[in-house]
Amino acid sequence: MSKFEESGPGVAPTLSIRGVDLWESWLSPDRQGAMLDDIRAIAAAAPLFEPVTPSGRKMSVRMTSAGRYGWVTDRSGYRYEERHPEGMDWPPIPRSILDVWEALSGTDRQPDCCLVNFYPPGARMGMHQDRDEADFDQPVLSISLGDEALFRIGNTTRGGKTESVWLRSGDVLRMGGAARLVYHGIDRVKDGTSPLLKDGGRINLTLRVVT
């Protein structure tokens, strides 16, 4: 039985770092497997693509989205779009993912976007803020699946001291309140630390209210 099934809404996080809340091992292995099946269905309807930053740098992750909007980046900038770069609609956010949002987000709003980032071996994500949304009072919820990743938490402005924590498969993290706009990133992924993905790698699901 997963912690979601055991505890329900309102359960306290395992720990909080600079206001960022972490629920360790929130999803049981069975729920992780079911969610992975749902993610594969998302990628079948809206294929993973290789994003490019506005400066033209190819990112090391591959991504797609589910929900009303998808997050994209290319030479035109960072933004949300109602359609995949190849022209198809984004598929709906699966119930297995919405259940986690409804249990842990702390808001009555439903997410408009579930960004799916796939980290192959060697991929990383530089320090950044999530600030392309209209309402910063709404939280950002992150679900980790697959290999462990070293998550770095900074400040609401660039620079200064940071803290890091290892995120493992089944962990859920929330950035809200004063921590909604902290800089954060993935320094590295530790290969071979999870059996969830046959060929290794990490999947991160990031849920956001966009409008």
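Can you find, within segment 161-183, the residue that is farthest from LEU205 (Cα to Cα) among those that are surrounded by fewer than 23 Cβ atoms within 10 Å (Cβ to Cβ) and among the basic types (Lys, Arg)?
Top of the filtered list is LYS161.
Can you work out which of the residues in segment 189-206 that are of a type in the set (Val, Ile, Thr) and part of a strand (DSSP E or B) is surrounded by the fewest Cβ atoms within 10 Å (Cβ to Cβ)? Please lay out each step first, then the result.
Looking only at segment 189-206, we keep the residues that are of a type in the set (Val, Ile, Thr), and these are 189, 193, 203, 206.
Checking which are part of a strand (DSSP E or B) leaves us with 189, 203, 206.
Numbers: VAL189: 25, ILE203: 22, THR206: 20.
By that ranking, first place goes to THR206.
Under the condition of being surrounded by fewer than 17 Cβ atoms within 10 Å (Cβ to Cβ) and not small (Gly, Ala, Ser), which residue from segment 25-35 is nearest to LEU196 (Cα to Cα)?
PRO29
Of the residues ARG40, ARG68, ARG75, ARG62, only one is over 21 Å from ARG180 (Cα atoms), of a type in the set (D, E, K, R) and modelled with pLDDT under 95; which? Break it down stepwise before answering.
Details: ARG40 fails: modelled with pLDDT under 95; ARG68 fails: modelled with pLDDT under 95; ARG62 fails: modelled with pLDDT under 95.
Step by step, each of ARG40, ARG68, ARG75, ARG62 is checked, and only ARG75 is over 21 Å from ARG180 (Cα atoms), of a type in the set (D, E, K, R) and modelled with pLDDT under 95.
Residues that are basic (Lys, Arg) and surrounded by 14 or more Cβ atoms within 10 Å (Cβ to Cβ): find the strands (runs of 3 or more DSSP E) completely inside segment 61-160 holding 1 or more of those.
Those strands (runs of 3 or more DSSP E) span 62-67, 148-153.
Residue-by-condition table, conditions (1) of a type in the set (Gly, Ala, Ser); (2) over 27 Å from GLY159 (Cα atoms); (3) at pLDDT 95 or above; (4) under 15 Å from the mean Cα position of the chain (by Cα):
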position	(1), (2), (3), (4)
PRO91	no, yes, yes, no
SER96	yes, yes, yes, yes
VAL100	no, yes, yes, yes
ALA103	yes, yes, yes, no
ARG109	no, yes, yes, no
CYS113	no, yes, yes, yes
ASN117	no, no, yes, yes
MET127	no, no, yes, yes
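So SER16 ticks every box in (1) within 23 Å of GLY176 (Cβ to Cβ); (2) surrounded by 14 or more Cβ atoms within 10 Å (Cβ to Cβ); (3) at pLDDT 95 or above but one. Which box is left unticked?
(2)
Per-residue answers, yes or no, for (1) farther than 19 Å from ARG62 by Cβ; (2) of a type outside the set (A, V, I, L, M, F, W, C); (3) in contact (Cβ under 8 Å) with a residue 40 or more places away in the chain:
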| position | (1), (2), (3) |
| --- | --- |
| ALA123 | no, no, yes |
| ASP135 | yes, yes, yes |
| LEU141 | yes, no, yes |
| ARG158 | yes, yes, no |
| GLY177 | yes, yes, yes |
| ARG180 | yes, yes, yes |
| VAL189 | no, no, yes |
| LEU196 | no, no, yes |
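For segment 105-116, indicate whether the set of residues that are closer than 17 Å to LEU27 by Cβ and either out of contact with any helix residue (DSSP H, G or I) (no Cβ under 7 Å at 6 or more places or on another chain) or basic (Lys, Arg) (or both) is non-empty.
Scanning segment 105-116, I find at least one residue that is closer than 17 Å to LEU27 by Cβ and either out of contact with any helix residue (DSSP H, G or I) (no Cβ under 7 Å at 6 or more places or on another chain) or basic (Lys, Arg) (or both), so the answer is yes.
The values are calculated or read from the model by the stated rules, or taken from the named source; none is laboratory data. If you're wondering where the values come from, they're calculated on a predicted model, not measured in any experiment. Reconstructed Cβ throughout: ideal geometry from the backbone, glycine too, with neighbour counts over all protein chains shown.
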